[in-house]
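What follows is a set of notes on a single structure, which appears directly below.
No lab work stands behind these numbers, since they all come straight from the coordinates. The structure displayed is predicted, hence computed values, not measured ones. Here Cβ is always computed from backbone atoms with ideal geometry, including for glycine, and neighbour counts include all displayed protein chains.
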Amino acid sequence: AKLDGRGTYRFFEPEMDARMQARRKLELDMRQALARREFQLHYQPQLQLASGTLIGCEALIRWRHPDRGLVSPLDFIPLAEEIGLIVPIGEWVVRQACRDAMTWPDPMSVAVNVSPAQFKSDRLVETIISALAGSGLPARRLEVEITEGVLLQENDRTLQTLHRLRELGVRVSMDDFGTGYSSLSYLRSFPFDKIKIDRSFVKDLTSKPDGEAIIRAIAGLGKSLGMTTVAEGVETSEQMQRIRLEGCTDVQGYLISKPVPAEDLRQVFAAFPQA
Ligand code: C2E
Ligand code: CA
Ligand code: CA
Ligand code: CA
């Protein structure tokens, strides 16, 4: 029995039971996935508009499930976050990403997504220090992407962690900018290196009247705060042209490349001029 929304107990309906079972199975599978090496990182490059060169890649996790095939992070990261498994998974991501980035031309960087539970665990900074040391990747080539969720319960410790990363020389990006409620106040509390403009605003560019207004405003904000601005989810050359006009510094999206396995990156790199 479970407490429902009105505060009274009721028994699970059959479909609810099935969903709980599926979730429990997913949880069990996920607990074994690390040891079985079922996770994989794909990389999506970011292009600097002014130079036309690739400046780095974002690491995006995939799960090669034995029966389900390639599982999207959207289908397992939230559960991993909920049950705390995101901490060991996130550690693996940081280490693997640093090792992979060491094989890319300097100064290309790698960006890893760090979710709220991982950010709050006291291991994050130590994990990053050890991943950098273990791989030999200089800190300036590592970037940490956090969303507003990380800053939602902003406190001294959150800010301290951000500053410790900064002192190491690791860069910090604000991901999915503009989708939360108080993005602006977050920019005031911590000097991010980069703002990633959410894909939804890029979509609006060509589909809504005044669709460029938000992008123009964020690009201007970034410029005056000394932060680079990346437009996410750029799929067409029309979008890229508009984004350039509005003043964003970088783009990421299917137009440049879909996320690809590490072994396919060399080919992607070869299609662009080197920095
Ligand atoms: P995100 O950090 O906002 O990552 C961008 C997502 O947009 C990726 O989805 C990427 O494949 C997708 N994307 C990129 N360009 C385009 C485009 O031009 N069009 C469209 N339609 N989509 C595009 P993905 O890989 O499915 O990842 C989804 C989310 O899962 C990520 O959103 C991130 O929040 C989370 N995630 C992925 N990898 C990790 C990880 O290693 N750790 C954590 N904590 N979260 C991760
Ligand atoms: Ca991201
Ligand atoms: Ca994003
Ligand atoms: Ca997102």
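How large is the direction-averaged shadow of the alpha-carbon convex hull of the chain, in nm²? Numbers along the way, then the final one.
On the way: hull surface 68.2 nm².
If you wrap the Cα atoms of the chain in a convex hull and average its projections, you get 17.1 nm².
Pop the C-beta distance of S200 and V125 into the FRET formula with R0 = 45 Å and round what comes out to the nearest 0.05. Working shown, then result.
Working: r = 32 Å, r/R0 = 0.70.
Efficiency, from the Cβ-Cβ distance: 0.90.
Using the Kirkwood radius over C-alpha pairs as Rh, can you work out the diffusion coefficient of the stretch 13-74 via Stokes-Einstein at 25 °C, viscosity 0.890 mPa s, in µm² per second? Walk me through the numbers on the way to the answer.
Values: Rh = 14.2 Å.
My calculation gives 173 µm²/s for D.
Placing unit charges on C-beta atoms (Lys and Arg positive, Asp and Glu negative, everything else neutral), compute the dipole magnitude of the stretch 1-160 about its Cα centre in debye, rounded to 20. Walk me through the numbers before you get to the answer.
Values: 20 positive and 22 negative charges, 87 e Å.
That gives the stretch 1-160 a dipole magnitude of about 420 debye.
Helix check for the chain. Which DSSP H runs span at least 15 Å along their own axis by Cα, with a mean Kyte-Doolittle hydropathy no less than 0.0?
Numbers: long enough: 14-33 (28 Å, -1.29); 86-101 (21 Å, 0.33); 124-135 (16 Å, 1.52); 156-168 (18 Å, -1.03); 213-225 (18 Å, 1.27).
Helices meeting the span and hydropathy rule in the chain are 86-101, 124-135, 213-225.
Hey, in the GNM for the chain with a 10 angstrom Cα cutoff, which one of D210, D29, D106 fluctuates hardest?
Sorting by GNM fluctuation, first place goes to D210.
Treat each spin label as a single point 7 Å out from the Cα along the C-beta direction, and report the E263 to L34 distance in nm.
Those two pseudo-labels are separated by 2.5 nm.
Once you have the Cα-Cα distance between R216 and M16, take 0.36 nm times their residue separation minus that, and quote the gain in nm to one decimal. Before the final figure, lay out the partial values.
Details: separation 200, 0.36 × 200 = 72.00 nm, distance 4.53 nm.
Contour length minus the Cα-Cα distance gives 67.5 nm.
Using the Cβ atoms and a cut-off under 9 Å, what net charge is assigned to the surroundings of D193, where Lys and Arg are +1 and Asp and Glu are -1?
Numbers: positive: R166, R171, K194; negative: E143.
Residues close to D193 contribute a combined charge of +2.
Above 22 Å lies some portion of the pair distances; for the stretch 64-189, what is it as a whole percent of all C-alpha pairs? It would help to have the intermediate numbers written out before the result.
Details: 2998 of 7875 pairs.
Of all Cα-Cα pairs in the stretch 64-189, 38 percent lie more than 22 Å apart.
If you average 1/r over every pair of different alpha-carbon atoms in the stretch 114-272 and take one over that average, what Kirkwood value in Å do you get? Please report the intermediate quantities before stating the final value.
On the way: mean 1/r = 0.0591 Å⁻¹.
Answer for the stretch 114-272: a Kirkwood hydrodynamic radius of 16.9 Å.
Report the longest stretch of the chain that contains none of the trypsin sites (Lys or Arg not before Pro) sitting in a DSSP loop with at most 15 other Cβ atoms within 10 Å.
Values: sites that count: R6, R36, R37, R68, R123.
The longest such stretch corresponds to 124-275.
Report the convex hull volume per residue for the stretch 85-154, counting only C-alpha atoms, in Å³. Each step should come with its number before you reach the end.
Working: hull volume 5.4 nm³, N = 70.
Convex hull of Cα atoms, per residue: 77 Å³.
Output the pairs from K196/K223; K25/K258; K203/K258; K194/K258 with a Cα-Cα distance over 19 Å in this structure; if there are none, say none.
Numbers: K196/K223 13 Å; K25/K258 30 Å; K203/K258 17 Å; K194/K258 21 Å.
Check vs 19 Å cut-off fails for K25/K258; K194/K258.
Which residue, Q21, I195, V234, has the largest displacement toward the positive end of the dipole of the chain when charges sit on each Cβ (Lys, Arg +1; Asp, Glu -1)?
Q21
Under a GNM of the chain (C-alpha, springs under 10 Å), which listed residue has the highest mean-square fluctuation: V114, V71, V260?
Judging by the Gaussian network model, the answer is V71.
Based on DSSP, what percent of beta bridges with both residues in the chain are antiparallel, to the nearest 5? Present the calculation step by step, with values, prior to reporting the outcome.
Working: 19 of 39 bridges.
Once the DSSP bridges in the chain are tallied, antiparallel ones form about 50 percent.
Quick one: putting +1 on the C-beta of Lys and Arg, -1 on the C-beta of Asp and Glu, what dipole do you get for the stretch 126-195 around its Cα centre, in Debye to the nearest 20? Provide the component values of the computation, followed by the final result.
On the way: 8 positive and 10 negative charges, 55 e Å.
The calculated dipole for the stretch 126-195 is roughly 260 debye.
Excluding D210 itself, what net charge comes from residues whose Cβ is under 15 Å from its Cβ, given Lys and Arg +1 and Asp and Glu -1? Provide the component values of the computation, followed by the final result.
Working: positive: K203, K208, R216, R242; negative: D204, E212, E246.
Result for the local shell: +1.
Which residues make up the longest stretch of the chain that has no chymotrypsin sites (Phe, Trp or Tyr not before Pro) in a DSSP loop with at most 12 other Cβ atoms within 10 Å?
13-180
State to the nearest 20 debye the size of the charge dipole of the chain about its Cα centre, where the only charges are +1 on K and R beta carbons and -1 on D and E beta carbons. Can you show the working numbers first?
Values: 35 positive and 37 negative charges, 65 e Å.
It works out to roughly 320 debye.
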